[in-house]
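Asker: Before anything else, here's the structure in question.
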Amino acid sequence: MALCACSFPAIVSCCAAASEPQKSTPFASHLLGGSDLGFHPLLKLNQVKKRSGGVYASLSEGAEYYSSRPPTPLLDTINYPIHMKNLSVKELKQLADELRSDVIFNVSKTGGHLGSSLGVVELTVALHYVFNAPRDKILWDVGHQSYPHKILTGRRDKMHTMRQTNGLAGFTKRAESEYDCFGTGHSSTTISAGLGMAVGRDLKGERNNVVAVIGDGAMTAGQAYEAMNNAGYLDSDMIVILNDNKQVSLPTANLDGPIPPVGALSSALSRLQSNRPLRELREVAKGVTKQIGGPMHELAAKVDEYARGMISGSGSTLFEELGLYYIGPVDGHNIDDLVSILKEVKTTKTTGPVLIHVVTEKGRGYPYAERADDKYHGVVKFDPATGKQFKGSSVTQSYTTYFAEALIAEAEADKNIVAIHAAMGGGTGLNLFLRRFPERCFDVGIAEQHAVTFAAGLACEGLKPFCAIYSSFMQRAYDQVVHDVDLQKLPVRFAMDRAGLVGADGPTHCGAFDVTFMACLPNMVVMAPSDEAELFHMVATAAAIDDRPSCFRYPRGNGIGVQLPPGNKGVPLEIGKGRVLIEGERVALLGYGSAVQSCLAAASLLESHGLKLTVVDARFCKPLDHSLIRELAKSHEVLITVEEGSIGGFGSHVAQFLALDGLLDGKVKWRPVVLPDRYIDHGSPADQLAEAGLTPSHIAATVFNVLGQKREALGIMSSRN
Amino acid sequence: MRCGYGLAALPGTDARLFSPEPSFLRLPRTVHPTRIKFGSFKIRAKIGEARKETSFYDMLGISEKGTLPEIKQAYKQLARKYHPDVSPPDRVEEYTERFIRVQEAYETLSDPRRKALYDKDLALGLHLAFSARRRYQFDEELEDQSEWRNRWQTQLSELKRRSMSRDAGGNMSWGARMRRQREEQSKQV
């Protein structure tokens, strides 16, 4: 190839030197002669492995990326978007490359969302170059692709604290920076918020731009259409950027390989991309309008319109019908194209709502991510050179996996059991169920409301639907739970994963409210397992409850290591009965769900102080075990209810019962331990529990406080590490 | 955008050359070790010749109705057998060829979209070798790109044209009214 002819001597001399990839930096800069060409991540470091026989294949050996951070001379000069304004397009490309490597190295140290951020590097650079944040509003839907945005807007030096206690949030957050104009975390909200900002701007008479970036996955949610419909009607100027990477479902793969996108929308989008208009047809149309010419502007415009309708993909009419002007598809990794389009749209006055269809590739620029089935959507710390993630090893598996196995065991026995999830096959563990029962697992896209009512419809036909939706995402479907399921007493089972505090994802994904909003419904059975064996039993119990809806919640994290029931098949529990774990005196700890483990730990802490507590696992919040609670109230001085939920949940139901039963008129003291009345920021699970006041030490200190032993309470709190 | 990156792409092969990234094409690739490139050319040429008859399914030893796990299993077995590192030294060339072919077969058959295309071609009686299809794809993609560019340029000019007359008296949408109000206010100021 002529390309390489001139570099022969350079190659030969560097072949030997570059056999260790660690020397890549001097090697590359020596060859490229300075930094004007930037560090192209396509530079392959294992090209110079020599092997006799001439042919080699790189399966697992040899790094395909840098192992140490390459220098980023241009990015180092950019602290805020305003510093980018004088760059040329060529420099913007170099900036994009440097930004990409920065993202990879930052995420490799902290973990986080990698694939999505890599896909929008060029888009981020183009947006900040053309628009003037923070006056111009740029909104990122879901926010997990905002890492390049954060780097460019003054938070580069804090990227090593991403998703950690007191560090940067993993999603956009208004309190963090003025460049984050809207807090995100759940999907499909940015068009709505962007429209609100556009209308607010119009009412105030100002002239800034509003840009909402939304992905094709988030487009499967109804709210996006509600927003577009309204935007088309109001005709306010705003730009919606549809970031299409053909990954309409999370986590973009099931266990066996890449998944073709879910839903009819994705095929419409693909048609848009692949539609190859007949050039001749367009030329003909153009010719016709030319001939008409003159004063026949109206007619010419109509013909133009027809021609556009003929040549544009059949999917664009969807957006056009909603009232958004469609532009695209555009190569999302070509900064030239992006900048010119954005500039054009920005300088056009009175556009109304415009939708720019940008096509990107998730994980672009990092070979391991591009090849991975899940495109490295969410990763833990990894080694940049080899792409290997440092997954911790644990004796037990996650509650998510246990749930999936329990459901599979139930479904083996009962062919009416089906599972529904909303684009979270990996997160809910239902990918395992899908592999075993491909015809009985339904992924509806990011549409929780539809998932619940769909499950209700299935229940009408006598099937046994299990709806696996995160506790936090269930909030979206609340009316459907109340009106479509509970009111009609349909036996839909809700499996709420990620209940309680969730660690690095922060308050946007925290499942604090599900006990409150589920237990107040008249017909719902509400239960929570305290360990993984209980989870198996509760799945069996839920499968057995066939006359009313039921739900159970379980936390993020791994099991504690109890023995599982044989064959993964649980035994249905007696509804409305708790169990006493430790018999004691004076003080009773009534725990619900995973909080029971904290109660047990608190009890062992207090044993050394001479107190033997009673620890009870309530199992059911609704119906409560009335006889057990009466028993506890009559034989103890203090009753403390503990749960990892907000006010209005388990503790409130117990208090209500105690009051109505006259038990509070006696001598027992009831105290609740719940999540405090504020949002707990992201951080490590241990830090979050400490912040929330739900650690075993806190519970033990509460016991001492109620007993009047304040000094011992202080002692416990100050001696915890 | 369809990208030419498959699973475990052989570095230095024309997989990179066929990537549709325009910046790649413009930069002089001073860093390519030519020796490796020539080697791969030879291999590819050989493969091109020898590969005319066997279909990917035959190569993997599965039926045309094979499911993805079956394909994966067959690939893993054959890859382990034919990998250059574990092949007997006198048959490295032959084994490596087969390994590369098996690799291509797996790449095509494991991606549902490519598998669909391949099945279609097979039904028509064409067995397009992987690299041939890549070349075809590349041309397609180049053409796609320019089609895309033409399309959005047309759309942009249409947008500009529309915006001229957008807020004419007849348009009573909320946004149009607000824009007119804003214009009048700024004129007064």
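The values are calculated or read from the model by the stated rules, or taken from the named source; none is laboratory data. Computed from a predicted structure; not experimentally measured. Because the Cβ atoms are built from the backbone with ideal geometry, glycine has one as well, and the counts that use them run over all protein chains shown.
Asker: How many residues, within region A:151-190, are within 21 Å of A:Gly111 (Cβ to Cβ) and of a type in the set (Val, Ile, Thr)?
Answerer: Residues that pass the stated criteria total 5.
Asker: From the residues in region B:57-90 that are of a type in the set (Lys, Arg) and within 11 Å of another protein chain (Cβ to nearest Cβ), which one is nearest to B:Asp119 (Cα to Cα)?
Answerer: Step one: of region B:57-90, the residues of a type in the set (Lys, Arg) are B:65, B:72, B:76, B:80-81.
Now drop any that are not within 11 Å of another protein chain (Cβ to nearest Cβ), which leaves B:72, B:80.
On the way: B:Lys72: 17, B:Arg80: 26 Å.
Here the residue is B:Lys72.
Asker: In addition: Here is a list: A:Val262, A:Val248, A:Val210. Which entry is of a type in the set (A, V, I, L, M, F, W, C), at pLDDT 95 or above and at negative phi?
Answerer: From the options A:Val262, A:Val248, A:Val210, the qualifying one is A:Val210.
Asker: Select, from A:Ile408, A:Ile356, A:Ile420, the only residue that is aliphatic (A, V, I, L, M), touching a helix residue (DSSP H, G or I) at 6+ places or on another chain (Cβ under 6 Å) and over 26 Å from A:Val562 (Cα atoms). Talk me through it step by step, then tell me what you get.
Answerer: On the way: A:Ile408 fails: over 26 Å from A:Val562 (Cα atoms); A:Ile356 fails: touching a helix residue (DSSP H, G or I) at 6+ places or on another chain (Cβ under 6 Å).
Just a single option satisfies the conditions, and that option is A:Ile420.
Asker: Listed residues A:Ala385, A:Ala419, A:Ala372; which is under 25 Å from A:Ala533 (Cβ atoms) and more than 16 Å from the chain's Cα centre (by Cα)?
Answerer: Working: A:Ala385 fails: under 25 Å from A:Ala533 (Cβ atoms); A:Ala372 fails: under 25 Å from A:Ala533 (Cβ atoms).
Exactly one residue qualifies, and that residue is A:Ala419.
Asker: Right, here's the next one. Does A:Ser177 qualify as being in a loop (DSSP other than H, G, I, E, B), out of contact with any Ser or Thr (no Cβ under 7 Å at 6 or more places or on another chain) and under 23 Å from A:Cys510 (Cβ atoms)? Quick ask: steps written out before the conclusion?
Answerer: Values: in a loop (DSSP other than H, G, I, E, B): yes; out of contact with any Ser or Thr (no Cβ under 7 Å at 6 or more places or on another chain): no; under 23 Å from A:Cys510 (Cβ atoms): yes.
Answer is no for this residue.
Asker: Any residue at all in region A:154-161 that is farther than 20 Å from A:Lys173 by Cα, touching a residue at least 60 places away in the same chain (Cβ under 8 Å) and in contact with a helix residue (DSSP H, G or I) (Cβ under 9 Å, 6 or more places away or on another chain)?
Answerer: Just the residues of region A:154-161 that are farther than 20 Å from A:Lys173 by Cα, to begin with: none.
No; the residues of region A:154-161 include none that is farther than 20 Å from A:Lys173 by Cα, touching a residue at least 60 places away in the same chain (Cβ under 8 Å) and in contact with a helix residue (DSSP H, G or I) (Cβ under 9 Å, 6 or more places away or on another chain).
Asker: Follow-up question, since we're still on this one. Looking at the structure I just gave you, is A:Val142 hydrophobic (A, V, I, L, M, F, W, C) and not in a loop (DSSP other than H, G, I, E, B)?
Answerer: Details: hydrophobic (A, V, I, L, M, F, W, C): yes; not in a loop (DSSP other than H, G, I, E, B): no.
No, not satisfied.
Asker: Now a separate question. How many residues does region A:544-557 contain that are under 25 Å from A:Gly511 (Cβ atoms) and in a loop (DSSP other than H, G, I, E, B)?
Answerer: Qualifying residue count, region A:544-557: 5.
Asker: Looking at the structure I just gave you, is A:Thr165 in a loop (DSSP other than H, G, I, E, B), under 27 Å from A:Leu501 (Cα atoms) and in contact with a strand residue (DSSP E or B) (Cβ under 8 Å, 6 or more places away or on another chain)? Outline the logic, then answer.
Answerer: Details: in a loop (DSSP other than H, G, I, E, B): yes; under 27 Å from A:Leu501 (Cα atoms): yes; in contact with a strand residue (DSSP E or B) (Cβ under 8 Å, 6 or more places away or on another chain): no.
No, not satisfied.
Asker: A further question follows. Given the conditions (1) surrounded by fewer than 24 Cβ atoms within 10 Å (Cβ to Cβ); (2) over 18 Å from A:Gly593 (Cβ atoms); (3) touching a residue at least 60 places away in the same chain (Cβ under 8 Å), and given that A:Ala543 satisfies all but one, which numbered condition is not satisfied?
Answerer: Failed condition: (1).
Asker: When the residues of region A:333-363 are narrowed to those that are more than 8 Å from chain B (Cβ to nearest Cβ) and among the charged types (D, E, K, R), which ends up surrounded by the most Cβ atoms within 10 Å (Cβ to Cβ)?
Answerer: Among residues in region A:333-363 that are more than 8 Å from chain B (Cβ to nearest Cβ) and among the charged types (D, E, K, R), the one surrounded by the most Cβ atoms within 10 Å (Cβ to Cβ) is A:Lys362.
Asker: Filter region B:79-128 down to residues that are surrounded by 18 or more Cβ atoms within 10 Å (Cβ to Cβ), among the small types (Gly, Ala, Ser) and at pLDDT below 80 and give me whichever is nearest to B:Ser63 (Cα to Cα).
Answerer: So, considering only residues that are surrounded by 18 or more Cβ atoms within 10 Å (Cβ to Cβ), among the small types (Gly, Ala, Ser) and at pLDDT below 80, the one nearest to B:Ser63 (Cα to Cα) is B:Ser110.
Asker: Which is part of a loop (DSSP other than H, G, I, E, B), hydrophobic (A, V, I, L, M, F, W, C), in contact (Cβ under 8 Å) with a residue 24 or more places away in the chain and out of contact with any Phe, Trp or Tyr (no Cβ under 9 Å at 6 or more places or on another chain), of A:Ile560, A:Ile575? If you could, list the steps in order and put the result at the bottom.
Answerer: Details: A:Ile575 fails: out of contact with any Phe, Trp or Tyr (no Cβ under 9 Å at 6 or more places or on another chain).
Only one candidate qualifies: A:Ile560.
Asker: Among the residues of region A:159-174, is any small (Gly, Ala, Ser), under 21 Å from A:Lys346 (Cα atoms) and in contact with a Phe, Trp or Tyr (Cβ under 9 Å, 6 or more places away or on another chain)? Please lay out each step first, then the result.
Answerer: Step one: filter region A:159-174 for residues small (Gly, Ala, Ser), giving A:167, A:169-170.
Among the residues that remain, those that are also under 21 Å from A:Lys346 (Cα atoms) are: none.
No, that holds for no residue.
Asker: Of A:Val379, A:Val330, which residue is at pLDDT below 95 and within 9 Å of chain B (Cβ to nearest Cβ)? Write out each step before concluding.
Answerer: Details: A:Val379 fails: within 9 Å of chain B (Cβ to nearest Cβ).
Only one candidate passes the filter, namely A:Val330.
Asker: Moving on to the next point. Which residue, of A:Gly578, A:Gly593, is buried (at least 19 other Cβ atoms within 10 Å of the Cβ), modelled with pLDDT of 95 or more and within 18 Å of A:Gly500 (Cβ to Cβ)?
Answerer: Numbers: A:Gly578 fails: within 18 Å of A:Gly500 (Cβ to Cβ).
Going through A:Gly578, A:Gly593 in turn, the sole match is A:Gly593.
Asker: Can you pull out every residue in region B:93-112 that is farther than 11 Å from B:Tyr82 by Cβ, out of contact with any Gly (no Cβ under 6 Å at 6 or more places or on another chain) and more than 7 Å from chain A (Cβ to nearest Cβ)?
Answerer: As a first pass, look at region B:93-112 and keep what is farther than 11 Å from B:Tyr82 by Cβ: B:93, B:104-112.
Subset that is out of contact with any Gly (no Cβ under 6 Å at 6 or more places or on another chain): B:93, B:104-106, B:108-109, B:111-112.
B:Glu93, B:Glu104, B:Ala105, B:Tyr106, B:Thr108, B:Leu109 - these are the residues of region B:93-112 that are farther than 11 Å from B:Tyr82 by Cβ, out of contact with any Gly (no Cβ under 6 Å at 6 or more places or on another chain) and more than 7 Å from chain A (Cβ to nearest Cβ).
Asker: Okay, moving on. Could you list all residues from region B:139-189 that are polar (S, T, N, Q) and outside any helix (DSSP H, G or I)? Don't jump to the end; show me each part of the working.
Answerer: From region B:139-189, those polar (S, T, N, Q) are B:145-146, B:150, B:153-155, B:157, B:163, B:165, B:171, B:173, B:181, B:185-186, B:188; that's our starting set.
Within region B:139-189, B:Asn171, B:Ser173 meet the criteria.
Asker: Just give me the residues in region A:517-534 being in contact with a strand residue (DSSP E or B) (Cβ under 7 Å, 6 or more places away or on another chain) and of a type outside the set (Val, Ile, Thr), in sequence order.
Answerer: A:Met518, A:Ala519, A:Met524, A:Met527, A:Ala528, A:Pro529, A:Ser530
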